[in-house]
Amino acid sequence: MTEQTAPESEPVRSAEVIAAACLANDLGMGFPFEHGLHGTLMAMRLADLLDVDRETKSQTYYASLLMYSGCTTDQDTAPRIFAGSRTENFTPKMMGSRLEAFSGFVRALPPPDAPPVQRAYEVGRRLIPMGRFVKPHMTALCEVAEMMAKRLGLPPEVHKLFVLLTERWDGKGLLKRAKGEEVPLPFRIVGVARDAAYQRVLGGDDHAVEVIRGRAGHAFDPRIAARFIEEAPEVMSAADGAGPAWEAILAAEPRPWLMLENEGVDRALAAIGDFADLVSPHLSGHSSGVAELAETAGRLCGFDPSEVALVRRAAFVHDVGRAAIDPRIWQKPAALTVDEREQVRLHPYHTERVVLHPGFLASLAEPACAHHERLDGDGYHRRMSAPALTRAARLLAAADAFHAMREPRPYRPGLSPEEAARLLSEEARAGRHDSEMVAAVIEAAGQPAPPVERPAGLTEREAEVVGLLARSLQTKQVARRLGISVKTADRHIQNAYRKIGVSSRAAATLFAMEHGLVPAAGPAEPRLGTDSPR
């Protein structure tokens, strides 16, 4: 991945950000990756076959992508009640009869591998807490989904739909807010398509058709269910593309496309970050806090506006991969097992799965996915080292580390600003974090900035000279850029070479890249012997 910038003035398609949120939902729910995109493609094909109007089709698209956006709420309480997977046990049954839905919840109560006697005991012990949990949880699903839709830039006619997210055709939803045609048509279409998509994962095409047939007139509008049954091969073929569904889902968005600009982009990305932070109450506000810290530190480092925007926006989404990890791990007060540590180490990889797609989000991937990499190559998940880490990645890593130290965790209290600054400075001295970025982060957090320690004992001026050499500037050009004499510039170069232990520009350039000394591209220097820049 290469360093890219994302100018704040460039409009961004809402569908890109919403589709990314859908992928994050897949991770949080334990669905197959791109399941939500496939279900949405089926919903859009079904909407076409029903010949709905453009507005209904547009609402169907966004409602389907965000259908499960509230389902990772209550992660602080749900693991204490459900020892098994609600996705595996309840989701296949939630649109069945009341008895089926209840049995799905019950099956999720005990540990999945427990012997029969223990399972019976656990069900009895957890049944009453489950009864107290379910209805408030369903209310939270609707509220969180509505808030997510609003923050992702969707208009009121879309985000207001989500108050009826859990309603059924027969009026037997837990919240009993609507029935029949009171349930918005987009949700009646989405309900059939998304349930069929999941049943298809579980049992294949024929199984999906039979489930929808059995639920017609109950959970589902009988007319829409009948249309699906009649055209099942056509509807399901929409999700049968050979390659990734990303481009197909963007092509399926009805026109006119919704666009985000400037602050709207930030609000939408912050919403995705907040979704990720729901995985544990100890993480509440983490992503937005890191973004604020990184933005301030970026300005202190002299980042240009596009670089500041890049690091801020990457910070909003850097931890979205946390959703893929069992929330019990994030909330565990004891030491993690080897397997649990490996799962934690993979969360930047899962962030990469969400954001590394063609388009705007790809510009955020490099710093966002490298926030646990370290200059000495001992980070994760790719074990990248200094030469591969851009300034934005180094800054985000330092901001994330400082902010995480300040936050309480189940296994330790949060550290004071002074203690966090001391520990982060030690990390920089040990060669794990970039000392310049660490100094900026600590200053941005309101603490005295530590002195920036340059590698190999270089002075600040010598480090600056080596960086300019790495940008192919000749001695005269270095002198002109720094406003010093050619003789002084040459002396700095020779001193730097001696300290580094090199005698060539190429070796000095490699050293500069390894230690983060290469400056951002500045004004073009004229080539020697010419009157114009190259």
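Numbers at a glance
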read-out	value
Whole-number D in µm² s⁻¹ for segment 10-54, Kirkwood Cα-pair radius fed into Stokes-Einstein, 20 °C, 1.002 mPa s	181
Cβ-Cβ FRET estimate between E157 and A242, R0 fixed at 35 Å, reported to 0.05	0.50
Rg ratio (alpha-carbon, reference 2.2 N^0.38 Å) - the chain	1.13
On Cα atoms only, tilt of 205-215 relative to the major axis of the chain in degrees	60
FRET E, pair E122, A507, Förster distance 60 Å, beta-carbon r, rounded to 0.05	0.40
Calculated FRET efficiency for the pair R213/R80, C-beta based, R₀ 30 Å, to 0.05	0.20
Charge dipole (debye, nearest 20) of segment 336-441; +1 at Cβ of Lys and Arg, -1 at Cβ of Asp and Glu	60
Relative packing of 409-416, 168-175, which averages over residues the other C-beta atoms within 10 Å, highest first	168-175, 409-416
Per-q log10 I(q)/I(0), segment 62-137, q = 0.21 Å⁻¹ (Debye; single scatterer per alpha-carbon; no solvent)	-0.97
Helix 391-406 vs. the chain, principal-axis angle (Cα, 0 to 90°, nearest 10)	70
Helix-derived mean residue ellipticity, 222 nm - over the chain, DSSP H n ≥ 4, -39500 (n - 2.57), to 500	-17500 deg cm²/dmol
Percent of Cα pairs exceeding the 14 Å cut-off, where the set is segment 458-514	44
Approximate spin-label separation R132-K179, in nm, with each point projected 7 Å along Cα-to-Cβ	3.1
Whichever lysines have a C-alpha closer than 21 Å to that of K487, once near sequence neighbours (fewer than 8 apart) are set aside	K476, K499
Fraction of the pair-distance distribution of segment 285-393 above 24 Å, Cα-Cα pairs, percent	26
Positive-end extreme of charge dipole, the chain - chosen from A439, G467, L99 (charges on Cβ)	A439
Folded to 0 to 90 degrees: helix 486-500 orientation relative to the chain principal axis, Cα	60
Within the chain: Cβ-based charge dipole about Cα centre, in debye rounded to nearest 20 (Lys, Arg +1; Asp, Glu -1)	840
Potential extension, E460-A430 segment - 0.36 nm per residue separation minus Cα distance	8.9 nm
Stokes-Einstein D for segment 1-151, Kirkwood Rh over Cα pairs, 4 °C, 1.567 mPa s (µm²/s)	73
Kirkwood hydrodynamic radius of segment 262-453, Cα pairs, Å	16.5
Cα pair distances exceeding 33 angstrom across segment 35-243, given as percent	14
Highest to lowest packing among 378-386, 152-160, scored as the average C-beta count within 10 Å	152-160, 378-386
Partners for K179 among aspartates and glutamates (Cα-Cα distance below 15 Å; same-chain residues under 8 apart left out)	E167, D170, D221
Proximal lysines relative to K135, as straight alpha-carbon distance under 17 Å, when same-chain residues fewer than 8 apart are discounted	K93, K172, K176
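Taken together, the values in this text are just the output of simple stated rules run on the coordinates, not laboratory data. The structure presented is a predicted model; accordingly, all values stated were derived computationally and were not measured. Neighbour counts are summed over all protein chains in view; Cβ atoms, including those assigned to glycine, are modelled from backbone coordinates with ideal geometry.
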